[in-house]
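J.: I'd like to ask you about the structure that follows.
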Amino acid sequence: MHSAANSQATLAPVLASGRARELLDSLGALIDTTTIAQAAVRLRVHRNTVRAHREELEGLLGLDLGNGADRSLCALALAASGR
């Protein structure tokens, strides 16, 4: 089980970014949908905004959101954090 401490550690770079809410919302949308376009519709932003957030998230987290294992890690971290 992914603990709250593991969740905090996984998401720490995003939480420290100063744009945590916006980036965590984007991360959740990227995890819950299958395409950038679907995430953009869910977030009510332009798809280029979602692309930029994805790139920023991948840089902060050191993960590839196109990789299933990395996406699963993020999904667990978000769930454990209550998001």
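Read the figures in this text as sums done on the coordinates, not as results from a lab. Predicted model only: the values in this text are computed from it and were never measured. Using ideal geometry, Cβ is built from the backbone for each residue, glycine included, and neighbour counts are taken over all protein chains shown.
J.: Being in contact (Cβ under 8 Å) with a residue 12 or more places away in the chain and either out of contact with any Ser or Thr (no Cβ under 8 Å at 6 or more places or on another chain) or under 20 Å from Gly66 (Cα atoms) (or both) narrows it down to one of Leu11, Leu15, so name that one.
T.: Values: Leu15 fails: in contact (Cβ under 8 Å) with a residue 12 or more places away in the chain.
Being in contact (Cβ under 8 Å) with a residue 12 or more places away in the chain and either out of contact with any Ser or Thr (no Cβ under 8 Å at 6 or more places or on another chain) or under 20 Å from Gly66 (Cα atoms) (or both) holds for just one of Leu11, Leu15, which is Leu11.
J.: Check Leu27 against each of (1) assigned to a loop (DSSP other than H, G, I, E, B); (2) crowded, with 17+ Cβ neighbours inside 10 Å and name the one condition it does not meet.
T.: Among (1) assigned to a loop (DSSP other than H, G, I, E, B); (2) crowded, with 17+ Cβ neighbours inside 10 Å, the lone unmet condition for Leu27 is (1).
J.: Let me ask something additional. Give region 31-46 a look and list any residue that's within 19 Å of Arg19 (Cβ to Cβ) and charged (D, E, K, R), or say none. Spell out how you get there, then give the answer.
T.: Quick first cut of region 31-46, residues within 19 Å of Arg19 (Cβ to Cβ) only: 31, 36, 39-40, 42-46.
Within region 31-46, Arg42, Arg44 meet the criteria.
J.: What is the residue count in region 47-83 for residues that are surrounded by 13 or more Cβ atoms within 10 Å (Cβ to Cβ), hydrophobic (A, V, I, L, M, F, W, C) and more than 17 Å from Ser17 (Cα to Cα)?
T.: 6
J.: Something else now. Looking only at residues in region 1-12 that are loosely packed, with under 13 Cβ neighbours inside 10 Å and not in a helix (DSSP H, G or I), which one is farthest from the chain's Cα centre (by Cα)?
T.: Selected residue: Met1.
J.: Any idea which of (1) out of contact with any Asp or Glu (no Cβ under 6 Å at 6 or more places or on another chain); (2) in a helix (DSSP H, G or I); (3) not basic (Lys, Arg) is the one Asp70 doesn't satisfy?
T.: Evaluating Asp70 over (1) out of contact with any Asp or Glu (no Cβ under 6 Å at 6 or more places or on another chain); (2) in a helix (DSSP H, G or I); (3) not basic (Lys, Arg) leaves (1) as the failure.
J.: Which residues, counting only those in region 13-24, are surrounded by 13 or more Cβ atoms within 10 Å (Cβ to Cβ) and either touching a Cys at 6+ places or on another chain (Cβ under 6 Å) or assigned to a helix (DSSP H, G or I) (or both)?
T.: Pro13, Val14, Leu15, Ala20, Glu22, Leu23, Leu24
J.: Residue check: is Ala39 within 19 Å of Ala5 (Cβ to Cβ), in contact with a Ser or Thr (Cβ under 7 Å, 6 or more places away or on another chain) and part of a helix (DSSP H, G or I)? Give the derivation first.
T.: On the way: within 19 Å of Ala5 (Cβ to Cβ): no; in contact with a Ser or Thr (Cβ under 7 Å, 6 or more places away or on another chain): yes; part of a helix (DSSP H, G or I): yes.
Answer is no for this residue.
J.: Specify which of the listed residues (Arg71, Arg42) is in contact (Cβ under 8 Å) with a residue 40 or more places away in the chain and touching a helix residue (DSSP H, G or I) at 6+ places or on another chain (Cβ under 7 Å).
T.: Matching residue, one of Arg71, Arg42: Arg71.
J.: A further question on this structure: Please tell me if Leu60 is among the hydrophobic types (A, V, I, L, M, F, W, C) and either closer than 14 Å to Arg83 by Cβ or free of Cβ contacts under 8 Å to residues at least 12 places away in the same chain (or both).
T.: When the stated conditions are applied, Leu60 does not pass them.
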